[in-house]
Amino acid sequence: MGWAAPPLGVCKINVDGATSKNGMLSSVGVLIRDCRGVVVAARGRLLPALYTVEVTKAYAIEEGRKLACELQLSRIILESDSAIAEFGIILQGALTMLSSFRSWSVKHLKREYNKAAHNIAQFTRSTETSQ
């Protein structure tokens, strides 16, 4: 089993974060696909500092929520490979803001099923530019 398409009328948002041990800034990657698996949008955002893995992944969830709002999506599934990121102050704010969607869910998935968002976050960190 790998990435699974969302139901009809729902967009799936995969998010991931990238940190490093060499002092580079943290970054996040977001990939939104529709029920056919077609990419709706992608974003890589360079963060202003080097954060822990948990904080970076929480920022990734928030970035996914923001992109979905910008696209005026009303029904979403947000997936991350970090169960730890489901806690914390940053994520609490994201969950509060999710109430603007008609339907939503947040799911944990294995890292190998989240490679596209992971690759966006890694590319953004390595180039030190937001996409």
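The values are calculated or read from the model by the stated rules, or taken from the named source; none is laboratory data. None of the values given here were measured: they were computed from a predicted structure. Cβ coordinates were reconstructed from backbone atoms using ideal geometry, including for glycine residues, and neighbour counts include every protein chain displayed. Each accessible area value is taken on the protein alone, full model and side chains, heavy atoms only, with ligands, DNA and RNA left out. Shrake-Rupley method; radii C 1.70, N 1.55, O 1.52, S 1.80 Å.
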Q: Subtracting the Cα-Cα distance from 0.36 nm times the residue separation, let me have the gained length for Lys110 to Asn22 in nm, one decimal.
A: 29.1 nm
Q) Going highest first, how would you order 7-18, 57-68, 39-50 by mean Cβ packing within 10 Å? A) 57-68, 7-18, 39-50
Q: Report, to the nearest whole %, how much of the accessible area of the chain belongs to carbon and sulfur atoms, 1.4 Å probe, protein only.
A: 58
Q) Among the lysines, which fall within straight-line cross-link reach of Lys110, defined as a Cα-Cα distance under 19 Å, with same-chain neighbours fewer than 8 residues apart omitted? A) Lys12, Lys57
Q. Can you give the Kirkwood hydrodynamic radius for the chain, in Å, rounded to one decimal and based on Cα pairs?
A. 14.3
**Q.** Qualifying aspartates and glutamates (Cα of each under 14 Å from Cα of Lys115; at least 8 residues distant if same chain)
**A.** Asp16, Glu79, Asp81
(Q) From the phi angles alone, apply the Karplus equation (6.51, -1.76, 1.60; θ = phi - 60°) to the stretch 98-105 and give each ³J(HN,Hα) in whole Hz, x where the residue is Gly or Pro. (A) 5, 5, 6, 8, 5, 8, 7, 8
